[in-house]
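Peer 1: This is the structure, below, for whatever I ask next.
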Amino acid sequence: MLKILAIIVYFWNVENFFAPGEFPNHAWSKPRFYTKCNAVAKTLLLASDEMGALPDVVGFAEVGDATVLKALLGATPLRKLDYSFVHYDSPDRRGIDCALLYRRSRFRLLNSKPCHLYDSTGAVMPTRDILLAVLETRTGAGHDGAAAPDGRPDTLAVLVNHHPSKVGSASGERRGLAMSRLRFLADSLQAAGISRIIAVGDFNDEVVPAAGVAIGGREGSSPANPPGTIKFQGKWEQIDGCPLLEGLRAEERIFAPPCLLSRDSYGGEKPRRTFSGPRYLGGVSDHLPVMWKVYKN
């Protein structure tokens with residue numbers, strides 16, 4: 001049986017979310033950038049209506065740099081809220097990184113770091129790092145106002161992922177190495193005494209949900225209940241999710257408000273992306289967000 005609600009976690013690949021002037025060969029102006037900032041913020045606020053509270057932890061993929069996050073939290077309605085961010089530049093060739101938002105009223109950031117991926121020779125792979133953040137819940141800051149049973153704050157490790165793409169003959173091997181690295185990091189955290197761990201992200205493969213994840217919102221193919229997070233040639237795929245969950249249980253749903261969708265020439269709806277090649281479409285992302293209500297075991 002699920003116990004006290006601990007947190008609401010949200011992940012979204014926000015598709016090439018660069019600062020103005022930092023998206024080569026694309027007409028990425030300040031007005032278009034701030035339009036996207038406001039759309040991302042609006043979607044987070046809409047998610048609070050869906051889940052009953054604001055997301056406490058937000059993982060992003062495809063963020064260009066810290067400038068983007070400062071604008072998102074400083075020039076949109078999110079400026080009135082209590083989010084802080086964690087971000088590190090990664091060795092990715094496209095210049096995109098993972099990032100994390102967290103609510104200061106709910107958590108204290110204990111430590112964070114970028115975790116490189118390594119190839120079979122031990123060299124750093126030129127791709128996105130796994131972002132690790134260890135958070136401590138503030139006593140009495142739960143959605144139910146309750147402290148941990150022993151009166152002490154809980155510690156939570158969050159791992160934000162964006163694994164290598166399917167481009168290239170060795171892409172499967174690269175993603176296998178990324179998953180191995182993720183499991184190594186989780187084992188290391190547990191050995192260090194951190195028992196509650198959640199890994200979310202874009203894994204560029206169909207996600208096998210962790211054993212503690214209960215799936216919702218996948219039935220059929222209606223916009224309200226899409227069976228995946230991206231759509232290619234009329235087929236939904238679930239490549240964003242939570243394949244690793246330790247010391248917790250979670251209820252998952254894909255978030256698909258009408259403002260994130262457009263008509264699909266293959267039939268039905270699909271995520272409304274920002275660009276198709278160099279052509280500006282005015283959407284937010286080619287991925288849909290995923291949300292979890294996370295409970296203590």
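FYI, it's all coordinate maths here, none of it is from the lab. Bear in mind the structure is a predicted one, so any value in this text is a computation, not a measurement. Please note: Cβ atoms are built from the backbone with ideal geometry, for glycine as well, and neighbour counts cover all protein chains shown.
Peer 1: Quick one: Cα convex hull volume of the chain, Å³ per residue? Could the numbers behind the result be given before it?
Peer 2: Details: hull volume 38.1 nm³, N = 297.
Convex hull of Cα atoms, per residue: 128 Å³.
Peer 1: Right, here's the next one. Please enumerate, by chain and number, the aspartates and glutamates with C-alpha under 15 Å from the C-alpha of LYS113, excluding those fewer than 8 residues away in the same chain.
Peer 2: Of all the aspartates and glutamates, those that pass the test against LYS113 - Cα under 15 Å, at least 8 places apart if same chain - are ASP89, ASP97, ASP129.
Peer 1: How far apart, in nm, are two points set 7 Å out from the Cα along the Cα-to-Cβ line at TYR266 and at ASP82?
Peer 2: Placing both labels 7 Å along Cα→Cβ, they lie 4.4 nm apart.
Peer 1: Using the number of other C-beta atoms within 10 angstrom as an exposure proxy, rank LYS80, LYS36, LYS296 with the fewest first. Before the final figure, lay out each step's value.
Peer 2: Values: LYS80 6, LYS36 24, LYS296 17.
Ordered from fewest to most neighbouring Cβ atoms within 10 Å, LYS80, LYS36, LYS296 come out as LYS80, LYS296, LYS36.
Peer 1: If r is the Cβ-Cβ distance from ALA75 to ASN225 and R0 is 45 Å, what FRET efficiency results, to the nearest 0.05?
Peer 2: Numbers: r = 33 Å, r/R0 = 0.74.
E(calc), rounded to 0.05, equals 0.85.
Peer 1: How far apart, in nm, are two points set 7 Å out from the Cα along the Cα-to-Cβ line at CYS259 and at LEU45?
Peer 2: 0.7 nm
Peer 1: 7 Å from Cα along Cα→Cβ at both GLU173 and LEU110: what's the point-to-point distance in nm?
Peer 2: Between GLU173 and LEU110, the label points sit 3.7 nm apart.
Peer 1: Follow-up question, since we're still on this one. Which of the pairs LYS36/LYS270; LYS70/LYS270; LYS80/LYS293; LYS80/LYS270; LYS270/LYS296 have their Cα atoms more than 26 Å apart in this structure? Don't jump to the answer; show the numbers that get you there.
Peer 2: Values: LYS36/LYS270 18 Å; LYS70/LYS270 29 Å; LYS80/LYS293 23 Å; LYS80/LYS270 31 Å; LYS270/LYS296 34 Å.
Table pairs above 26 Å Cα-Cα are LYS70/LYS270; LYS80/LYS270; LYS270/LYS296.
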